[in-house]
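Heads up: the structure comes next, in structure tokens.
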Amino acid sequence: MLGGEVIGIPQGAPHRTLALEFMRYLMSKPVQETLVSALGWPCFRTDAYGTIEAWQTPYFAAVQEALAHALPRPHVPNWADVDRALSGAFREIVYEGQPVQATLDRYHRQLEQARQRLR
């Protein structure tokens, strides 16, 4: 699942023009190249890959392979609920040894209830 930080402007933001300019800057090739080379972050720009340090090559290759098969995470209005459910289910199953199916079923019901509240 591909998804991470999202750059956006809240509706009614007082400085929309400045925010758009800043977004363009963050997504520019020079900034993306810096993030790739300094931090090894995967980049949405395929033209910003030219600055990979030697030590990053094996990791970057693995990330690129994963990105080639990733599906974008859909917009989920109640992502906080989903994130809590995933974290809770993982903790309960992996660390606390709770029964897998019963735990997943319980969290599924919670997510369905959260989704119904959005309607």
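The values are calculated or read from the model by the stated rules, or taken from the named source; none is laboratory data. Remember, predicted model here, so these are calculated numbers, not experimental data. Cβ atoms come from the backbone with ideal geometry, glycine included; neighbour counts cover every protein chain shown.
Quick notes on this one:
- Test: residue in the stretch 79-102 that is surrounded by 12 or more Cβ atoms within 10 Å (Cβ to Cβ) and touching an Asp or Glu at 6+ places or on another chain (Cβ under 8 Å): yes
- Between Gly12, Gly4, Gly8, the distinction of being modelled with pLDDT of 85 or more and under 30 Å from Leu111 (Cα atoms) belongs to Gly12 only.
- Contact map, the stretch 62-73: first residue in contact (Cβ under 8 Å) with a residue 24 or more places away in the chain, second residue loosely packed, with under 13 Cβ neighbours inside 10 Å, Cβ cut-off under 7 Å, separation 6 or more or different chains; pairs are Leu67/Leu2; Ala70/Met1; Ala70/Leu2; Leu71/Met1; Leu71/Leu2; Pro72/Leu2; Arg73/Met1; Arg73/Leu2.
- Which listed residue is closer than 22 Å to Gly8 by Cβ and among the β-branched types (Val, Ile, Thr), from Val31, Val94, Val100, Val63: Val31
Here is a yes/no grid of residues against (1) more than 26 Å from Leu86 (Cα to Cα); (2) surrounded by 14 or more Cβ atoms within 10 Å (Cβ to Cβ); (3) more than 22 Å from the chain's Cα centre (by Cα):
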{"position": "Gly8", "(1), (2), (3)": "no, no, no"}
{"position": "Arg16", "(1), (2), (3)": "yes, no, yes"}
{"position": "Met23", "(1), (2), (3)": "yes, no, no"}
{"position": "Ala38", "(1), (2), (3)": "yes, no, no"}
{"position": "Ala48", "(1), (2), (3)": "yes, yes, no"}
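- Filtered residue count, the stretch 52-78, keeping only those that are assigned to a loop (DSSP other than H, G, I, E, B) and either surrounded by 14 or more Cβ atoms within 10 Å (Cβ to Cβ) or within 15 Å of the chain's Cα centre (by Cα) (or both): 9
- Qualifying residue in the stretch 34-50 (condition: part of a helix (DSSP H, G or I), at pLDDT 90 or above and within 25 Å of Pro10 (Cα to Cα)): no
- Selection status of Glu112, assigned to a helix (DSSP H, G or I) and loosely packed, with under 12 Cβ neighbours inside 10 Å: yes
- Test: residue in the stretch 74-92 that is acidic (Asp, Glu), within 28 Å of Ile7 (Cα to Cα) and touching a residue at least 24 places away in the same chain (Cβ under 8 Å): yes
- Verdict on Gly97 being out of contact with any Lys or Arg (no Cβ under 7 Å at 6 or more places or on another chain), farther than 25 Å from Tyr25 by Cβ and either among the aromatic types (Phe, Trp, Tyr) or outside any helix (DSSP H, G or I) (or both): yes
- Members of the stretch 29-39 found to be touching an Asp or Glu at 6+ places or on another chain (Cβ under 8 Å) and closer than 22 Å to Pro72 by Cα, listed by number: Lys29
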